[in-house]
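Notes for the one structure printed next.
Values quoted throughout were computed directly from the atomic coordinates according to the rules given, and no laboratory measurement underlies them. Bear in mind that the values here come from a model prediction, so they are computed numbers and not experimental data. Cβ placement follows ideal geometry from the backbone for every residue including glycine, while neighbour counts extend to all protein chains displayed.
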Amino acid sequence: MAVHGKLLAIISAIAIAGCCSYLREHPVVISATGQKLCARHRIPLLTVHGYGVTDYAQGSERTLTLIHTFGPQFEREQCNPNYIPRNQSLKRSKDYPIPILVTYCPKCEDATWISEAEWRDSFRKQGMSEQEIQRILSQKPSG
Ligand SMILES: [Zn+2]
């Protein structure tokens, strides 16, 4: 039963992500006035001063984690393509010390990130035990 539920969840995740794969490949449209718009929300992208991770300058993606392309988070990233990537932040911190320009769509950013409570909910619906859920959530990067 639980396995069946998990399989269904995976299949539906692929189906939903599939609908958004065009968005993912074409996240930006240009308006008649030459402005960059979010292809999903049709609002202008914001470019602001932000911060990148320490290895940002080298273009490394090693800070990306496995959970990046997992389940509901994957769907949301596919369907809201102009979120702020994990190697960029609007806030300066120990992990994000490098000043950079960050371009993003505020609606995508709001819609993309799944809270820990939402993760728990989603995992429970997939029939995972509390132990499994705890194990997965403890692998998430902190901050
Ligand atoms: Zn957007």
Q. Under 20 Å from the 7 Å Cα→Cβ point of Y22, by amide nitrogen: which residues of the stretch 96-128?
A. 108
Q: Work out, step by step, the length gained on full extension between V29 and E130: first 0.36 nm times the residue separation, then minus their alpha carbon distance; give nm to one decimal.
A: 32.1 nm
Q) Among all the aspartates and glutamates, which ones have a C-alpha under 17 Å from K91's C-alpha, if same-chain residues fewer than 8 places away are not counted? A) D55, E109, D110
